[in-house]
């Protein structure tokens, strides 16, 4: 049985937890009435299962007649459904102070994503397209060296997470801008690293493109809102 | 709350109606083979080959089958062999009709389940072997295979 994906998830959850702790010590989630740890975990877990169910339906597998297959996350999830499901559940859980909660959780969510990508070290799936760079490495038994693309993504997401946390602490950004910057970072980093990934059908580039546009839109809207005040 | 329960119940009914069981005539049963025959085919035909070992009773095999069917379409230069083990003919046919009706695959069977063990794997399923065009075993994946791993191993042999 294959449990390495659980290891990957555990690294993601650890990244999320450590960033929440770091943020909590700096009072960065002040004003938010929601328990961000609970809200984040509930949203991410729900999103993952929604994504799995959608992927099963897309593959022609009936989730009601094959319920045990829902837990076989490794068989594939619909990235679009995961993102939509996670955001919808989070919006519902944090509906009483949504923007505060979104700004509060954004850096930790990015660090969780960074951990999930770094979890490729547990699943053995860090490598992407062929590369001759000094740090490129081959699959076991192969002489073709490849980009460690998931490590690139993990580092970039980690740096973005810390940068957002520091901006929140010292920059006094307008409400909603941290959320916009986090969406922009997550989507932009995935979009930038996508050409270095190998996949059967290509990644959801449109989703990432939409994420970049939404992120920029949120930042602009929050800055405009602040200047009007 | 009542509205939510009604909505969920309606959704469940719609999903239940979307049966994934095969309809129409069943495909031919997989052809029985031996380790020697299979090994000769892989080493002499000069094509990169993916050999997937499956059984209809195996839940992860059922789960990864759509991915393999997709791979047959995205990698037409690779030969895909589906080796059914320790299964009944009827169940294997139903599985093939459900998942591999549009996939370009060679279907073989090994009722004893000895072939994967002779190839250096375990008796468990699913197992996926990746052979280069000269018949060399490049990778072997035990258990359910995910899309990035499958794509990466295919990239190793399909060049």
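The values are calculated or read from the model by the stated rules, or taken from the named source; none is laboratory data. Owing to the predicted nature of the structure, the values given are computational and were not obtained by experimental measurement. Reconstructed Cβ throughout: ideal geometry from the backbone, glycine too, with neighbour counts over all protein chains shown.
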Restricting the stretch B:128-140 to residues that are more than 8 Å from every other protein chain (Cβ to nearest Cβ) and buried (at least 20 other Cβ atoms within 10 Å of the Cβ), the one nearest to residue A:195 (Cα to Cα) turns out to be B:130
Taking the stretch B:63-83 as the region of interest, how many residues are in contact with a helix residue (DSSP H, G or I) (Cβ under 9 Å, 6 or more places away or on another chain) and either more than 26 Å from residue B:155 (Cα to Cα) or assigned to a helix (DSSP H, G or I) (or both)?
-> 10
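For every residue, the table says whether it meets (1) touching a strand residue (DSSP E or B) at 6+ places or on another chain (Cβ under 9 Å); (2) surrounded by fewer than 14 Cβ atoms within 10 Å (Cβ to Cβ); (3) under 16 Å from residue B:107 (Cα atoms); (4) more than 9 Å from chain A (Cβ to nearest Cβ).
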{"position": "B:25", "(1), (2), (3), (4)": "no, yes, no, yes"}
{"position": "B:29", "(1), (2), (3), (4)": "yes, no, yes, yes"}
{"position": "B:33", "(1), (2), (3), (4)": "yes, no, yes, yes"}
{"position": "B:74", "(1), (2), (3), (4)": "no, no, no, no"}
Of the conditions (1) at pLDDT 90 or above; (2) at the interface with another protein chain (Cβ under 10 Å from one of its Cβ atoms); (3) within 30 Å of residue B:90 (Cα to Cα), residue B:124 clears all except one; give me its number.
-> (1)
Any idea how many residues of the stretch A:139-149 are under 20 Å from residue A:118 (Cβ atoms) and either surrounded by fewer than 16 Cβ atoms within 10 Å (Cβ to Cβ) or touching a helix residue (DSSP H, G or I) at 6+ places or on another chain (Cβ under 6 Å) (or both)?
-> 3
Can you tell me which residues in the stretch A:185-215 are more than 26 Å from residue A:125 (Cβ to Cβ) and touching a helix residue (DSSP H, G or I) at 6+ places or on another chain (Cβ under 6 Å)?
-> A:214, A:215
Across the stretch A:150-186, what is the total count of residues that are within 12 Å of residue A:102 (Cβ to Cβ) and either touching a strand residue (DSSP E or B) at 6+ places or on another chain (Cβ under 7 Å) or not in a helix (DSSP H, G or I) (or both)?
-> 2
Can you pull out the residues in the stretch B:76-95 that are farther than 23 Å from residue B:39 by Cα and within 14 Å of another protein chain (Cβ to nearest Cβ)?
-> B:94, B:95
